[in-house]
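Some notes on the structure that comes next.
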Amino acid sequence: MKFVTPAGIGIGIVLLLLSVLWPLLFPATSSWTDEKAQRLGQLGKEAHVAGAKLAAAKRGSNMLGGESVVVLQEKFDNLMSEADTLREEFESADQAPKAASTLFKYAGIGVLALGIGLHFVTKDA
């Protein structure tokens, strides 16, 4: 039982340190690249332009010809779908290190508290 107390305290401290170091060791940039960020920005611009063209076509101000509402809607939907996919990928890459760090932090606090509690319980025994 004498071994459990220092081991619990040690493991708790290691988990707390790991919670601090995890985002530094495995940053979100490891899976989210500059190319993806640029593509997401480009998709936002293209979707804005396509949305404006679609709105104009729906209002009927496109009387001189041009693309039909169906074609514009399809282009807009494709752009928004790709942008949503990239946005979800970004949020996943951003949240993954934070989630692991939070898990390590609370596990470390729990194990450390357990080790300290065992220390006080077994101190007199």
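Things worth noting here:
- Label positions at Thr33 and Ser68, each projected 7 Å from the Cα along the C-beta direction, are separated by 3.8 nm.
- Given [x] 1.11; [y] 1.42; [z] 1.13, the label whose value is Rg/Rh (Cα atoms, Kirkwood Rh) derived from this model: [y]
- Loop-resident trypsin sites (Lys or Arg not before Pro) (DSSP state other than H, G, I, E or B) in the stretch 83-119 with no more than 11 further Cβ atoms inside 10 Å of their Cβ are absent.
- Per-residue ellipticity at 222 nm from helix content only, as computed over the chain with -39500 (n - 2.57) for each DSSP H run of at least four residues, stands at -30000 deg cm²/dmol.
- Straight Cα distances below 19 angstrom link Lys58 to the aspartates and glutamates Glu46, Glu67, Glu74, Asp77, with same-chain residues fewer than 8 positions distant left out.
- Local net charge near Ser19, Cβ-Cβ under 12 Å (Lys/Arg +1, Asp/Glu -1): +2
- Furthest towards positive pole of dipole, Leu16, Thr5, Trp32, structure part the chain, Cβ charges: Thr5
- About its Cα centre, the stretch 1-80 has a charge dipole of approximately 180 debye under the convention of +1 per Lys or Arg Cβ and -1 per Asp or Glu Cβ, with nothing else charged.
- In summary, the helical segments of the chain meeting the span-like criteria, namely a full DSSP H run, a Cα extent along the axis of 18 angstrom or more and a mean Kyte-Doolittle hydropathy of at least 1.6, are 4-25.
- Extension gain (nm, one decimal) between Ile13 and Asn78, 0.36 nm per residue minus Cα-Cα: 18.5 nm
- Between Lys45 and Arg87, the modelled labels are 1.9 nm apart [label points 7 Å from Cα along Cα→Cβ].
No lab work stands behind these numbers, since they all come straight from the coordinates. All values derive from a computational prediction rather than experimental measurement. So basically every Cβ, Gly included, is an ideal-geometry build from the backbone, and we count neighbours across all protein chains shown.
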